[in-house]
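Asks: Supplied in structure tokens, the structure appears directly below.
The values are calculated or read from the model by the stated rules, or taken from the named source; none is laboratory data. As the structure is a computational prediction, the values presented were derived from the model and not from experiment. Here the Cβ positions follow ideal geometry from the backbone for every residue, glycine too, while neighbour counts run over all protein chains shown. Surface accessibility is based on the protein's heavy atoms, side chains included, excluding ligands, DNA and RNA. Shrake-Rupley method; radii C 1.70, N 1.55, O 1.52, S 1.80 Å.
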Amino acid sequence: MNDQYHSECAVLGNHLHVILRNRPDVVETWTDEEVTRRIWNLFPKRKDADGGPAEPREHELKMLMGSKRTLQTYRQRLSDVSWMMRQLAEKIARLANKEDDCTGRFWEGRFRCVPLRDEAAMIGCSAYVDLNPVRAGIAETPEQSDYTSIQDRIVSEKARQRRSKGRRKKRPLFRRDGWLAPIDIRQRSDPGPKVSQSGRRASDKGFLPMNLQKYLELVDWTGRQISGGKRGKIPAACAPILKRLGLDRDSWCHLVKDFGKLFRRVAGTRDSLQESARAQKLHYRQSSGGAALLAGSG
């Protein structure tokens, strides 16, 4: 799934799940000044009255730019998942310790990162993340799942539908999910960077072989199977996609329910794992049963 932007995420009481795509190709399209400004916004030397980063002065930008080597380090960091998680975890830990008036270690351990190597892994992991509150018994339906990407997508889609029914021209709709990657990956013939025009996310490139409506329908149906234990029929619009990926009803539900257990280091079909191993000059790639589940796909 090669600057970073979010696909799906879910924040629960004691942990969070995030799907990220890092985009070094997008970072390479930025000018030196844009890279420097982004670093300034992350680590401002001065702040404004609201506590946000103040507008940097010309000499401050020049000092940050330093050398070509420094700028290249900045570019690498702005598309590095580990570096991003380090900054995020440190900020949350500092805020939590300040709130609790204590010091010391906040996180139990380092985050776990599982590369998603193909469409089957991407779809399964997305549904797994979006249905986390449902599986945990915190919410009954995806739209009731607070602090999740799927709730933002549902709220934004309902607002769009209400807007489309109006006759008068109105100002552009502010979508609550505008910070997320779009669902549908339409530019298969255009593998190059697709830089976001809104500025709210790094890229406007989608990540799943289906549109938003079909994805919401599939997640809603899956949540009912997992939480209610009912054996229903896969929605007609989603069935061809799962069939192409080699997944039937039972294997799909098993994949979404136990994704975290099935894939520990890397997620994908056997073919994808073998390709990944060859690229990294490894003899083989192991998954905890996930690749066998996806044996029919790839």
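Asks: Take the residues in the stretch 39-49 that are crowded, with 16+ Cβ neighbours inside 10 Å and part of a helix (DSSP H, G or I); name whichever of them is farthest from the chain's Cα centre (by Cα).
Replies: W40
Asks: I'd like the residue in the stretch 229-242 that is small (G, A, S) and open to solvent by 50 Å² or more (accessible area, probe 1.4 Å) and, out of all such residues, is modelled with the lowest pLDDT. Talk me through it step by step, then tell me what you get.
Replies: In the first step, residues of the stretch 229-242 are kept if they are small (G, A, S); the result is 229, 232, 236-237, 239.
Okay, now just the ones that are also open to solvent by 50 Å² or more (accessible area, probe 1.4 Å), so 229, 236.
Numbers: G229: 62, A236: 78.
Out of the qualifying residues, it is G229.
Asks: Just to be sure before I move on: is H17 open to solvent by 30 Å² or more (accessible area, probe 1.4 Å) and in a strand (DSSP E or B) in the structure I sent?
Replies: For H17, the condition - open to solvent by 30 Å² or more (accessible area, probe 1.4 Å) and in a strand (DSSP E or B) - is met.
Asks: Quick one: how many residues across the stretch 197-217 are assigned to a loop (DSSP other than H, G, I, E, B), within 21 Å of L116 (Cβ to Cβ) and modelled with pLDDT of 80 or more?
Replies: 8
Asks: A follow-up question, please. Are there any helices (runs of 4 or more DSSP H) wholly within the stretch 50-110 with 3 or more residues that are over 28 Å from the mean Cα position of the chain (by Cα) and surrounded by 12 or more Cβ atoms within 10 Å (Cβ to Cβ), and if so which?
Replies: 58-65
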